[in-house]
Amino acid sequence: DAGVTQSPTHLIKTRGQHVTLRCSPISGHKSVSWYQQVLGQGPQFIFQYYEKEERGRGNFPDRFSARQFPNYSSELNVNALLLGDSALYLCASSLEGRQLAYEQYFGPGTRLTVT
Amino acid sequence: GIQVEQSPPDLILQEGANSTLRCNFSDSVNNLQWFHQNPWGQLINLFYIPSGTKQNGRLSATTVATERYSLLYISSSQTTDSGVYFCAVGSSNFGNEKLTFGTGTRLTIIP
């Protein structure tokens, strides 16, 4: 079975531009979460979506937004890119969302470089 | 929010040695996962262990939820075990929907 997939693998953008990252969860998983990992640190939670609804939001500015589609895939959008947005963006999927704790599985990530 | 501390931050061992990695957390949890991050950034699931003990080959883990810590044991280390090991927790007190990660333990196995 396919794991969590993300696209693109790498991306180079210029300050001020916007970017869209994509994620497809494991088949049967309805919850998708997004994390940002800056070099040398652990991943930081950005968003969680379950059944197309936002279930959680981390401490990130409004430039960050996301959505989930009927097929449970998800997009993360970042507007007005800053140099500090350069990071590895990780997507994770799990069976459920808030009420029960389920194991999360991560994709390979998208490495974003902002110049 | 919940705090997660991992120790040691760095560990350098000879191939064949055993190691113990520790994860302390500040509140009750109902999700605890151990991951190995490879050089390409992929987080590989090692254990889902909010409580109890599990073993998988040369790796085992124990979580003592009442004392708010978890241990990851690696026996007979191999060079392929090198990388960063993360502990991540989820708590119903802070929203099950997110995992809070520790800062990781960087393990280097020398041939």
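The values are calculated or read from the model by the stated rules, or taken from the named source; none is laboratory data. These numbers come from a predicted model, not from an experiment. When we count neighbours, we look across all protein chains shown, and the Cβ atoms used for this are built from the backbone with ideal geometry, even at glycine. Note: areas computed on protein heavy atoms with side chains; ligands, DNA, RNA excluded. Shrake-Rupley method; radii C 1.70, N 1.55, O 1.52, S 1.80 Å.
Below 8 Å, C-alpha to C-alpha, sequence gap of six or more: please give me the relative contact order for region A:7-115 in percent.
Relative contact order, region A:7-115: 37 percent.
Using a 1.4 angstrom probe, figure out how much accessible area region B:13-62 has per residue, in square angstrom, rounded to the nearest whole.
46 Å²
Using a 1.4 angstrom probe, figure out how much accessible area region A:5-98 has per residue, in square angstrom, rounded to the nearest whole.
For region A:5-98, the solvent-accessible area averages 48 Å² per residue.
So what are chain A's ellipsoid semi-axes, whole angstrom, largest first, if each one is the square root of 5 times an eigenvalue of the alpha-carbon gyration tensor?
Semi-axes (√(5λ), whole Å): 23, 14, 13.
Give me the tail of P(r) for chain B as a percent: Cα-Cα pairs with distance above 16 Å. Walk me through the numbers before you get to the answer.
On the way: 3367 of 6105 pairs.
For chain B, the fraction of Cα-Cα distances above 16 Å is 55 percent.
Starting from the Cα coordinates of the protein assembly as shown, work out the convex hull volume and express it per residue in Å³. Provide the component values of the computation, followed by the final result.
Values: hull volume 27.1 nm³, N = 226.
It comes to 120 Å³ per residue, whole-number rounded.
Using mean Cβ contacts within 10 Å as the protection proxy, how do A:55-68, A:22-35 order, highest first?
The peptides rank, most packed first, as A:22-35, A:55-68.
For the interface of chains B and A, what total accessible area is buried with a 1.4 Å probe, rounded to the nearest 100 Å²? Write down the numbers at each step before the final one.
On the way: alone 5900 and 6430 Å², together 10680 Å².
Answer for the B-A pair: about 1700 Å² buried.
Expressed as a whole percentage, what fraction of the accessible surface of the protein assembly as shown belongs to carbon and sulfur atoms when a 1.4 Å probe is rolled over the protein heavy atoms?
49 percent
If r is the Cβ-Cβ distance from residue B:58 to residue B:24 and R0 is 22 Å, what FRET efficiency results, to the nearest 0.05?
It comes out at approximately 0.40.
For region B:21-49, which residues drop by 50 square angstrom or more in accessible area between the chain on its own and all protein chains together (1.4 Å probe)?
The answer is B:42, B:43, B:45, B:48.
Any lysines with Cα under 25 Å of the residue B:54 Cα? List them, leaving off those in the same chain fewer than 8 positions away.
Of all the lysines, those that pass the test against residue B:54 - Cα under 25 Å, at least 8 places apart if same chain - are B:98.
Any idea how far the Cα center of region A:23-97 sits from the one of region B:34-111, in Å?
21 Å
Can you compute the FRET efficiency between residue A:2 and residue B:13 using 1/(1 + (r/R0)^6), with r the Cβ-Cβ distance and R0 = 35 Å? Round to the nearest 0.05.
In this case the efficiency is close to 0.50.
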